[in-house]
Structures are given as structure tokens and as C-alpha cells.
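Structure, as C-alpha cells:
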Amino acid sequence: MTDTRHQVVVTGIGLVTSLGVGRQAHREQLMTGGTPQKVTDSERFAPYTVYPLPEIDWSTQIPRRGDQRQMENWQRLGVYAAGLALDDAGLKEDAEACASMDMIVSAGGGERDIAVDSLIVEESRKRNDREQLLNEKLTTELRPTLFLAQLSNLLAGNISIVHKVTGSSRTLMGEEGAGISAIETGHARIAAGQSTHCLVGGAFVSERLDMLMVMEAVQGLGKDPEAAFWNSDGTANGMNLGTAGAFLVLESLEHAQARGAHIYARLDAVLGDRGSREGERMEQRLAGLADETGASDDGDTVVFSGASGYPDLSARERAFLKSRFPSAPVRTVGALFGHSIEAHFPTAVALACMALDDDAPISPFAAGEDAPASTAANAAIVTSVGHFRGEGIARLTRMS
Amino acid sequence: MSKAAYKDHLGRPLVAVTGMGVVSSLGQGVTDNWAALTSGKSGIHPITRFPSEGLSTRICGTVDFIDIPAPNAVERSFAFARETTIEALAQAGISGDFGGPLFLAAPPIEPEWNDRFNLGDRVKPEQVTGNAYEQFLAVLREKADPTYHEAILFGSISERLADSFGTRGLPVTLSTACASGATAIQLGVEAIRQGRTDRALSVATDGSVSAESLIRFSLLSALSTNNDPPEKASRPFTKDRDGFVIAEGSATLVLESLEAAISRGARVLGIISGCGEKADDFHRTRSSPSGAPAIATIRAALEDAGLSADQIGYINAHGTSTPENDKMEYLSLSTVFGERMPEVPVSSNKSMIGHTLTAAGAVEAVFSLLTISTGTLPPTINYDNPDPSIPLDVVPNVKRDATVTSVLSNSFGFGGQNACLVMSAEPA
């Protein structure tokens, strides 16, 4: 990246995961020297294990019942986490700041109506005129508003409605890569002076049969509830989906300082790439991304790995991190939070910001595998290797 | 040319268009589309992709003449985008790896019903317990289906385009609903202005018309039910307009910094001089009654271009033919253009090609640039019963010759999405 006209800083964190609601709930478990305990559910979607939505009172960020009813949990979670980030940045009540705030959301699709889909599949077994059946059932059974709960860009749309963020609204799609691109785009625009403040993030709900089906189409999901994330040979045990809503407020340093905002960390660089993963191609790309983002393990650097849990792919990522950043302890995000696809990279960047804002070292996420850190982190590297495609790296630095 | 001639009013690199490709229900390629569009031809036809008996809407503007290996939205959207990109790169004279970023507007994909039925057929009698998805999961645990996986991932269209054309880095796949095409262009313009690249590929494609997508829009009362005759259904700005016609298409624009384009001797087809956006917080499907966000978007695009409303010679309207959009669009335009409004021609390509949804902003950007380069304003067809509350010069029914140096193109979408582009002739 050639453009360094404006430094980009993070001034707001909105995070909801299976571990809890809000930055403080995560801090208590990750930054106080304890051993964080993962929260999983292996019963409801057996044989799959998911990291579920924590207990949450939607009305604290989505006060109107009518708004809550217009959404399913995926959109609710994103709108909720976005509200937390705005609150955390001290911008929630600043109508002017929200009206000029840019927004980039990494999104998948919303929940399908499992009952309607099941009804149609059931009926289709008895009938030969399946297309006619489809027309009849969809016309009579589909709830009109469900379309809006499914549309990818309506997470952003609901954030505009509920939180009045209306400077701009862009929704990026494409699994893990969407999360990388969202932060990359927000960073690039602020660095170049095209934007001064931007809400960026995404949400993912793991407790969805339709989403489990997508991932199981390539048999990517882990099925052993007792298995640890990492095996002793360095491979992983399969992907377990994790619910997460993660939003950040990015600002130019000048914009943040002018309003006296608390700065969690500086986002120095974000880049993504993609291509063949044959041979050493993926490792070469990751090395290129590390070069271009200036990522190194100098000083007190901690690495937040977005490894999906795919056995060999994650082993390759781990080996790369070990050879490229030998002295940096790794935090395996998926081991503690599950894999949250579009929200995974934003979640990892949010965690990195928390680590860079604290005086204490961040606890290991994968017990026995992630090396403990003796001092607080001064720099962070966030990696993403998409379960099917796309890689990304972000580099962040302590500001306080 | 001096260095200054390559910069805009804010000292940013001017962004030129050096290649364009388009597919719509009117046909394949810029030449055929422009000929049909300027002769007032409609591409709207009865639905043949799936049975439509009994549905309130039985017409569409689907693209059914491009071969696809499997009938799903990913294959269709990719095939359209591939064709328009081949055309655009050929026009730009770029062969080999493109070497710049890809910004792709693509439809949010839902799995095809045929695939669900096929999965359902694979369920063994002993697996028929629980809901359909529990049954599908049992089937997939026994035998993976990577083809199905790839057909439902949002990243799979840009992946193939990136491989086919050698774009650089991680492609951006985006959706801003019916403004997506304009957003894809805006992202390309921004990347060039950031100095991150000399060139960018902006593509917008939509091959997602299916029974379910049609019925979903129908249930929101968004679609025209003027089924007979199909070509008369889309009638923007008329008194009896009753909804949009769902359609498909794709467009590709090769964007380059003007300096890079000139230095390699490329022919400049026009300049993307301004982009504006503003989100609406009023309602999930309806625009603010005041039109304030759309007004702000138009003004932002003009300001970005460094132009006043007086310098716009033609407006390529969003013009969906829904009662609400056309009324709101008139309110916004007339607020910005004021007393000059009656003198500014405003036409809707959607009267002929329907609403190409994700692709619309880019398809209409191509037509806007052709308007400048050919000096021909495409008409708004089916303008037989003007809405007296929308007193616009819609270039009714027949094309018109006019010299235009700057065009405004509007895109508004569900979810409060508003994006406007200003396109201009190459600076003399």
C-alpha cells in the first residue's frame, strides 16, 4: 500500500460471541490471566458442534419490537453488534456523526424458512409436477417479509434504520473473503482521505441447518464433540461453526483525536489475495501478504489465526505462521469461538484491538497449543485462510 | 497533454472507461443492444424458464440465449459476466492478465429448488426423519457434493472471473441491491483515485431469475402484472405503471486512470467523473417520502464530479416503473434541477430491458456512456398515458439526437441503497 496520508485507528468495538455480549465480557475472560472456557452445543445439531448465540436481550440495541420482528437472528445479531460498536465509540447518540458515517458490511444470506422448505420437499415426493407445486406453495406459504430477512444487503439496511448510520452503505459477500475485503476497503478509503469514519463488520449465526448444509456439502464440519481444535501432528479436526457479530468503528487518526475518542489500536495495513492452493502457492501468497502488510514478529507481537479447522489447510497455515513468525504466540480464534465465515476476520481484528488496548497479555485460546504470552502485546497480526478460498492478513499496532 | 489534464477538480486522477461489454434481454454485445435500445425495442417476453400459469406475473426480461453448463444462478451469472468481460477487454485492447482489481456486483444466491429436490430424492427411506435440512445433512454426510457447495457460495463467481481474466488480489463481490452495478463502478473509481492501481475491472451481473425470486418480489407487490402484451408492461413515468419487470443482464467496464489509458494509446470512451451515495433510514423497501437521501445522493455525485446541475445534459433514470420509485425519483430530480427540470431529458432504459437488478447500475452506465459518444438519447417506451404529476421530458417513445457532455445515472434499491454516477465526455 502506497497510501499513508491518513493513519487509520479503531475507536469502537462491538463484539458478541458464544463467550458473551460486549467488549467487557470478553475482556474479563481473555485479559485477566485465566483460562477461557469455550461454550459449545453438541446436542442440538448433532453430530455437529456449534458455538451458540449467548443469552442476549435484543431490545437493548434494537428497542422497537417492530424492527426486531422484521429480522431473523442473523440480521438481529449484526444490528446488535453494530450498535455496541457505535456505543463503544461514543457515537451512538451523535446523529451527525452517524448520518455521515460510512458503512461496509460483510454478509452471507439470511435464514431460510425451514418449515416451508420442508413442506415443499415433502410434497414433492408425492407429485410429478414439481414446478407447479413450487409455484403453489411459494405463493401461499412464503412470508413476504422473509425475503427481506434473507437479503444480504438488508443487514446494512437494518443498521441504517435502527442506528441511523447513513453516510453510505455497502455490503460485501463471498464467505471469509467478504470480511477481509470489508476491512481492507474501509482502511483504504480512510487512508486515502475518501472517508473519515466508517462502521465495518459482519455477523454469522451458526445455529442454522441451512448453513450447516452449505458447509457439509463438502464434508467440512467436525463431528467429534470431544476433539480439540488441533491434533498433536499439527492438523486440525474439522470446522465447527461459531456464532459471532463483530463490528468496528474505524476513523482517521485526526478525526478520532479531534473528538477525543479512545483509540484501541492503529490498523496499519490490510490485504487479501486468492488463487490456487496447489503445491506451495498458498504459502507463497501468505508470504507476499506478510511482506506487503509489513507483518513481522518483532517485539511483542501476537498472531490471531483465523484457521477454519479444515485438517490440512489449517496445518499449512500453522506451519507458515511458525516459520514466518517464530517468536510470536498464536491465538487460534476458531478454537475458542468457532468459525464464523463472513464475521471471522472482523471478529479476529476486534480481539486483536482488545489485546492491544490492555496492559495484560491475552490468554491462549487453544489450551495446550497456543503459547502463553508473558507480556502485553504491542503489535498484532491477523490472518485468514478461507475454508475454500481467499487469504488475508491485517497488521495492527498499540497506540496507548 | 499536461499532467494537470489527467487530474480532476480535486487533483485526483481522472478515471476513463476504455472498454465496455453488455448483455441484456435485447441481446449480446454493445452494438446489438444499442441498436435495439435506440430503436425502442423491448426485450420483455413471457416466462419460459419455469411454468408461470397461475402466477400474477408471467413476464420477464431473462437472458436465455447464452449457454450454461447447469441451470443455476451462479452458472448463469458467471456466463453473462464472462461474456461481457471478454467484450470489454477486447474493446480496451487488453489481452493476457488484466493485472488490476476486480469489483463484482453479483446477486445474493439462494440454492436452486431443483437441487433441493435432487437432494430430497437422494434421501433413503430410513433417513426420512426430521425436517428437510436434517435429511439433506444425512445425505451429504454419506456423500459430499462439491458441485452443490460451489453453486451456493457467494464467492464462486468472482473466483472464476479472477482466474479467467487474471485480475489482481482478492476480488470484491458486493451487493447493494438494485444499486449494485453503480457501487461496483464506484469501488473501481475509488481504487484508482487511491493510487492503488492504474486499472480496475467493474462487473455487474444478474442471472438469478427463478420461480422463487419472482414470487418473492411478487409478494412485495413490486412486479408489474400487465402480462399482455409483455413488451408493454414496463411503462415508467406513466399514470398506469404498476411495477417493475424482473430481468437479467450483465455489464463490464474497464476503468483506467486517464493518464494510463492515454499513455498506452487506448481509446477513451468516456470519464466516470463523479460518484455519490447516501443511505436511507426510512424503511426496508420504501424511500423517505421527502426524497432527502436520493437528493443527497444526486448532489453528492455532482459535487464529486465538480459539476453543477446545470451542466448535466441528460439523465439516465432509475425509472423502474413502480408507482413509488418514479414518483420519488421525480421529486428528487426536480428538487435538484429546479426550474431547469423541464429542459433536461430523462429516460428509462428499463422501459425496454426491464429491471436487471444487480446489473442495472452498470448496464445503464454503459448506455449512458453510449449516449454521450453517439449523441443519441434512448427513449422511454410505452409512454402512452403520462402521469401528470411527473412532468418530465422522458424522451417519449422515440429516440432523439442531442449533444450531451455529462450524464447523471441514478440507482436506488431496497435496504435504503442509493448510488448515482456522473459520466462525462473525454476532456477536450
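Residue separation of residue B:118 and residue B:7 scaled by 0.36 nm, minus their Cα-Cα distance, works out to 34.4 nm of gained length. Checked against a 31 Å cut-off, the cross-linked pairs A:38/A:322; A:223/B:124; B:232/B:278; A:126/B:350; A:92/A:137; B:239/B:278 give Cα-Cα distances beyond that limit for B:232/B:278; A:126/B:350; A:92/A:137. Work out which residues of region B:269-296 lose at minimum 30 square angstrom of accessible surface when the other protein chains are put back, relative to the chain isolated, with a 1.4 angstrom probe, and list them by number. Residues of region B:269-296 that lose at least 30 Å² of accessible area once the other chains are added: B:277, B:278, B:279, B:281, B:284. The long axis of helix B:156-165 is offset from the longest Cα principal axis of chain B by roughly 60 degrees. Taking the chain by itself as reference, region B:39-55 contains these residues with an accessible-area loss of 40 Å² or more in the full protein complex (1.4 Å probe, heavy atoms): B:51. Remark: region A:368-381, residue by residue, has Karplus-estimated 3J(HN,Hα) of x, 10, 6, 5, x, 10, 8, 10, 5, 6, 10, 8, 9, 10 Hz, where x stands for each Gly or Pro and the curve is 6.51 cos²θ - 1.76 cosθ + 1.60 at θ = phi - 60°. Overall, the protein assembly as shown carries a charge dipole of about 800 debye about its Cα centre when +1 sits on the Cβ of Lys and Arg and -1 on the Cβ of Asp and Glu, all other atoms neutral. Here the relative contact order of region B:348-398, from alpha carbon pairs under 8 Å that lie six or more residues apart, stands at 39 percent. The trypsin sites (Lys or Arg not before Pro) of region B:95-178 that meet both conditions, a loop assignment by DSSP and at most 16 other Cβ atoms within 10 Å of the site Cβ, are B:143. Rounded to the nearest 20, the size of the Cβ-charge dipole of chain A about its Cα centre is 460 debye, with Lys and Arg at +1 and Asp and Glu at -1. Accessible area per residue for chain B, computed on protein heavy atoms with a 1.4 Å probe, is 32 Å².
Calculated accessible area for chain A comes out at 32 Å² per residue, all protein chains present (probe 1.4 Å; ligands, DNA, RNA ignored). The label-point distance for residue A:95 and residue B:220, in a model that sets each label 7 Å from Cα toward Cβ, rounds to 2.8 nm. Taking every alpha-carbon pair under 8 Å whose residues sit at least 6 apart, chain B reaches a relative contact order of 24 percent. Residues of region A:184-214 whose accessible area (probe 1.4 Å, heavy atoms of protein chains only) drops by at least 40 Å² once all protein chains are present, relative to their chain alone: A:194, A:209, A:213, A:214. Note on chain B: GNM, Cα springs under 10 Å; of B:202, B:218, B:95, the largest mean-square fluctuation is that of B:95.
Over the residues of chain A, the helix contribution to mean residue ellipticity at 222 nm works out to -10500 deg cm²/dmol, using -39500 (n - 2.57) for each DSSP H run of at least 4. The calculated FRET efficiency for the pair residue B:398 and residue A:114, based on their C-beta separation and a Förster distance of 45 Å, comes to about 0.30. Residues A:170, A:76 ordered from highest to lowest accessible area at a 1.4 Å probe: A:76, A:170.
Element breakdown for chain B at a 1.4 angstrom probe: carbon and sulfur atoms account for 51% of the accessible area. Seen against the Cα atoms of chain B and their longest principal axis, helix B:73-92 is set at about 30 degrees. Using R₀ = 22 Å, calculate the FRET efficiency as 1/(1 + (r/R₀)^6) where r is the Cβ-Cβ separation of residue B:126 and residue A:136; round to 0.05. Using R0 = 22 Å, I get an efficiency of 0.15.
Between exposed GluC sites (Glu not before Pro) in chain A, where DSSP calls loop and at most 13 other Cβ atoms lie within 10 Å, what's the longest gap? For GluC sites (Glu not before Pro) (loop position, at most 13 other Cβ atoms within 10 Å), the longest site-free span of chain A is A:94-225.
Computed over neighbours whose Cβ is under 10 Å from that of residue B:21, the net charge equals -1, Lys and Arg +1, Asp and Glu -1. GluC sites (Glu not before Pro) within region B:1-100: which are DSSP loop residues with at most 11 other Cβ atoms inside 10 Å? Listed in order of number, the matching sites are B:53. Angle, helix B:323-337 long axis vs. longest principal axis of chain B, Cα atoms, 0 to 90°, nearest 10? On a 0 to 90 degree scale, this one is about 20.
Solvent-accessible area of chain A (1.4 angstrom probe, protein heavy atoms only): carbon and sulfur portion equals 47 percent. Here's the picture: charge each Lys and Arg Cβ at +1 and each Asp and Glu Cβ at -1 in the protein assembly as shown, and of B:356, A:242, A:366 the one pushed furthest to the positive end of that dipole is B:356. Annotation: amide H-H contacts under 5 Å for residue A:269 (H modelled 1.01 Å from N, sequence separation of 5 or more, or interchain): A:395. Put a dot 7 Å past the Cα of residue A:194, heading toward its Cβ, do the same for residue B:143, and the two dots end up 4.7 nm apart. For region B:1-79, a crude dipole built from +1 on the beta carbon of Lys and Arg and -1 on the beta carbon of Asp and Glu, taken about the Cα centre, is about 400 debye to the nearest 20. Using the Cβ-Cβ distance between residue A:37 and residue A:126 with R0 set to 51 Å, the FRET efficiency from 1/(1 + (r/R0)^6) comes to roughly 0.60. Rounded to the nearest 100, the interface formed by chains B and A buries 7000 square angstrom of accessible surface, both chains summed, with a 1.4 Å probe. Applying a DSSP loop filter and a limit of 15 other Cβ atoms within 10 Å to the trypsin sites (Lys or Arg not before Pro) in region B:236-319 leaves B:239, B:264, B:267, B:286.
Dividing the mean sequence gap of close Cα pairs (under 8 Å, 6+ apart) by how many residues region B:277-428 holds gives a relative contact order of 33 percent.
The values are calculated or read from the model by the stated rules, or taken from the named source; none is laboratory data. It should be emphasised that the depicted structure is a prediction, and the values quoted were computed from it without experimental measurement. Positions of Cβ are generated from backbone atoms using ideal geometry, with glycine treated the same way; all protein chains shown enter the neighbour counts. Note: accessible area is taken over every heavy atom of the protein model, side chains too, but ligands, DNA and RNA are not part of it. Shrake-Rupley method; radii C 1.70, N 1.55, O 1.52, S 1.80 Å.
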